[in-house]
1. Please enumerate the residues belonging to the stretch 72-89 that are in contact (Cβ under 8 Å) with a residue 60 or more places away in the chain, out of contact with any Leu (no Cβ under 7 Å at 6 or more places or on another chain) and in a helix (DSSP H, G or I).
2. Tell me, which residue of the stretch 39-60 that is more than 10 Å from the chain's Cα centre (by Cα) and surrounded by 18 or more Cβ atoms within 10 Å (Cβ to Cβ) is nearest to L113 (Cα to Cα)?
3. If a residue has to be more than 13 Å from ligand 1 (Cβ to nearest atom) and in contact (Cβ under 8 Å) with a residue 40 or more places away in the chain to count, how many in the stretch 3-33 make the cut?
4. Could you run through the stretch 56-71 and say how many residues are within 16 Å of L5 (Cα to Cα) and not in a helix (DSSP H, G or I)?
5. Within the stretch 72-79, identify whether any single residue is farther than 24 Å from T3 by Cα and of a type outside the set (K, R), and answer yes or no.
6. Consider the stretch 62-76. How many of its residues are under 12 Å from A25 (Cβ atoms) and touching a Pro at 6+ places or on another chain (Cβ under 9 Å)?
7. Let me confirm something: among S108, S154, which residue is part of a helix (DSSP H, G or I), among the polar types (S, T, N, Q) and either surrounded by 19 or more Cβ atoms within 10 Å (Cβ to Cβ) or assigned by TED's automatic domain parsing to the domain that holds G45 (or both)?
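The values are calculated or read from the model by the stated rules, or taken from the named source; none is laboratory data. The structure presented is a predicted model; accordingly, all values stated were derived computationally and were not measured. Positions of Cβ are backbone-derived with ideal geometry, glycine not excepted, and every protein chain shown enters the neighbour counts.
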Amino acid sequence: MKTVLTINGQQVSLDIDTRVTLLDALRDHLGLYGSKKGCDHGQCGACTVIADGRRINSCLTLAAMHDGETIITVEGLAHGEALSALQQAFLGHDGMQCGYCTPGQLCSATAMLEEARAGRASQVTDDLTTPAPLSRAEITERMSGNLCRCGCYSGIVAAIEEVAAE
Ligand code: FES
Ligand code: FES
C-alpha cells in the first residue's frame, strides 16, 4: 500500500506491506534507527514516537494506518545542532546509562509536557478543573509507560521537572 508520511519535517512515500509496523517502517525501510525495539509488545516504551502530536508505541501500530500523518522521532527533536531543552536536561541530570530507552523517554516526555500544558488530566490528577503544575507524582504517572532497565528514573524525572518548571 502506498503510504505517505511526513517524518521529522520530510515527506516520504513508502510502498509498504500493510502488515509492517510503524517501528519496522522507520527502522528497516527508512534507516531511522533512533526508535528502539525493546519488547515489540507495547510494554517498554522504547519505540515511542509522536504521531500528529500524540505519543504512541510505534511497535503496536501499522505504518499504513498513519498515511498522511506527521511523525516525529528522536531524530527530529533537536533543532539542527541545538539539542532540545529536554535533551539538554537529560544530559545535565544523567537521565541515561546505556541509552536504549532514551529515544522513547525523550519522545514521550516531549509530548507529555504538551499534554500537561493543554490541561489533560492523568490518573493521579486531583483537581480536574484547575490544571496544576506538574508534580513529581504527575510526572512519574505520566511517564509510567516508559521503562528504563538501567534504573535512571531519578535523573529522568529531575530532567523533566526542570523543563516543566521553565
Ligand atoms: S518496543 Fe514498543 S513498547 Fe517495547
Ligand atoms: S538508560 Fe539503559 S534502559 Fe534506560
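1. Step one: of the stretch 72-89, the residues in contact (Cβ under 8 Å) with a residue 60 or more places away in the chain are 72-73, 75-76, 85-86, 89.
If we keep only those that are out of contact with any Leu (no Cβ under 7 Å at 6 or more places or on another chain) as well, we get 72, 76, 85, 89.
Within the stretch 72-89, G76, A85, A89 qualify.
2. C44
3. Taking the stretch 3-33 first, the residues more than 13 Å from ligand 1 (Cβ to nearest atom) are 3-20, 25, 28-33.
Restricting the remaining residues to those that are in contact (Cβ under 8 Å) with a residue 40 or more places away in the chain gives 3-9, 14, 16, 18-20, 32.
Within the stretch 3-33, residues that are more than 13 Å from ligand 1 (Cβ to nearest atom) and in contact (Cβ under 8 Å) with a residue 40 or more places away in the chain number 13.
4. Keep residues of the stretch 56-71 that are within 16 Å of L5 (Cα to Cα), which gives 56, 58, 61-71.
Checking the rest, the ones that are also not in a helix (DSSP H, G or I) come to 56, 61-62, 67-71.
The total comes to 8.
5. Taking the stretch 72-79 as the starting set, the residues that turn out to be farther than 24 Å from T3 by Cα are 78-79.
From the residues that got through so far, the ones that are of a type outside the set (K, R) too are 78-79.
Yes, some residue in the stretch 72-79 is farther than 24 Å from T3 by Cα and of a type outside the set (K, R).
6. 1
7. On the way: S154 fails: either surrounded by 19 or more Cβ atoms within 10 Å (Cβ to Cβ) or assigned by TED's automatic domain parsing to the domain that holds G45 (or both).
It is S108.
Here's the yes/no breakdown for (1) of a type in the set (G, A, S); (2) over 26 Å from H41 (Cα atoms); (3) within 16 Å of ligand 2 (Cβ to nearest atom):
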{"site": "E75", "(1), (2), (3)": "no, no, no"}
{"site": "A85", "(1), (2), (3)": "yes, yes, no"}
{"site": "S122", "(1), (2), (3)": "yes, no, no"}
{"site": "R142", "(1), (2), (3)": "no, no, no"}
{"site": "G145", "(1), (2), (3)": "yes, no, yes"}
{"site": "E162", "(1), (2), (3)": "no, yes, no"}
{"site": "E166", "(1), (2), (3)": "no, yes, no"}
